[in-house]
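Heads up, the thing below is written out as structure tokens.
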Amino acid sequence: MISKGRILKNKMADSGLVHIMASHSPLSARLAEEAGYDGIWASGFELSALYGLADVSLISMTQHLDMTRAMAEQMNLPIVADIDTGFGNAVNVVYAVEQYERAGAAAIVIEDKSFPKVTSLVADGRQELLRIEEFQGKIDAARQTRKDPDFLIIARDEALIAGLGQEEALTRAAAYEEAGADMILIHSKKQTPEEVESFVNAWKGKVPIVVVPTAYPQMDSERILSLRKIKMVIYGNHALRAAVTAMKDVFARIKSDGGIHEVNKHIVPVEEIFRLQRMDVVKLQEKRFLR
Ligand code: SPV
Ligand code: MG
């Protein structure tokens, strides 16, 4: 059977750019699959927010792993698992890679921050990075642990997020490639794409780049493709923000309308939820087995 990592690699080779949608639940992952995305971003930020918590290493590996496994069980897209710092040192990374590969992930993204990390896009966030050699050890640990050679190890370079500049970001990316990373995720919180575009243009390495253009939405697919070195774009938190927008709107309207009679026309009928829950399968099972 062809592995999820291989499927993701094939998609990258065929289309030149894969579009990965963030999810925080099997339901949102199923919706992303139906919408035609190439894969799912098992986002730490979204899952933290779902628990009402900041994305600062508060949720455990077990919580994130359970959600990754639940998503893998309910839809077929490859999952790019956001394992933050790897939940500790290189020894923790060995355990995490064993677990995420077994749970059905196609790839992991591991970032070069120290544990506990601070979410990347927050203004004035405390961003502390590991020594390069220490992070190389984590990449090596991931590489030597994976069973499937197509299970992708994506090294996330946070030098721009930490305000250390392009030279440091390039030095780190080259060191991570040398340690065996399959791709480099370069993250930026600048509100325009120039910082990332400049990095990509200066990148001389062989491995392709991943971007998360949340902070600089002007960077659309056309602009990404024109740079020629980016093979994956992650839509980092749009599932969660869309859900929050919709819930705020509906909650307010029910109050102001004095009932559910108005919003009822604007939200999906309960039958749509039955469909997403595969209620039709349950009915067939009842017919076959309830005697
Ligand atoms: C996440 O979605 O968990 C990410 C992306 O890591 S970001 O929040 O932009 O750092
Ligand atoms: Mg994250």
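Rule-based calculations on the coordinates, nothing more; no lab input. Bear in mind that the values here come from a model prediction, so they are computed numbers and not experimental data. Neighbour counts are summed over all protein chains in view; Cβ atoms, including those assigned to glycine, are modelled from backbone coordinates with ideal geometry.
Worth pointing out:
- Looking at segment 34-170 alone, DSSP beta bridges between its own residues are antiparallel in about 10 percent of cases.
- Length added when fully stretched, Asp257-Arg275, from 0.36 nm per residue minus Cα-Cα: 3.6 nm
- Spacing of the modelled spin labels on Asn201 and Val56, each 7 Å from Cα toward Cβ, amounts to 3.7 nm.
- Pairwise label distance in nanometres, Thr245 with Gln191, each label 7 Å out on the Cα-Cβ vector: 1.8 nm
- Spatially, segment 221-271 and segment 74-132 are offset by 26 Å when compared through their Cα centroids.
- Relative packing of peptides 239-245, 120-126, 38-44 - highest average C-beta neighbours within 10 Å first: 38-44, 239-245, 120-126
- Sparse-neighbourhood loop sites, GluC sites (Glu not before Pro) in segment 74-140 - DSSP loop, at most 10 other Cβ within 10 angstrom: none
- Relative contact order computed over the chain (Cα-Cα under 8 Å; 6+ residues apart), in percent: 17 percent
- Residue-span extension gain [Leu225 to Glu133] - 0.36 nm each, minus C-alpha spacing: 29.9 nm
- Listed values for segment 170-180 are Karplus-derived 3J(HN,Hα) couplings in whole Hz (6.51 cos²θ - 1.76 cosθ + 1.60, θ = phi - 60°), namely 5, 4, 5, 4, 5, 5, 6, 5, 4, 7, x, and x replaces Gly and Pro.
- Beta bridges from DSSP with both residues in the chain: antiparallel share about 5 percent, rounded to the nearest 5.
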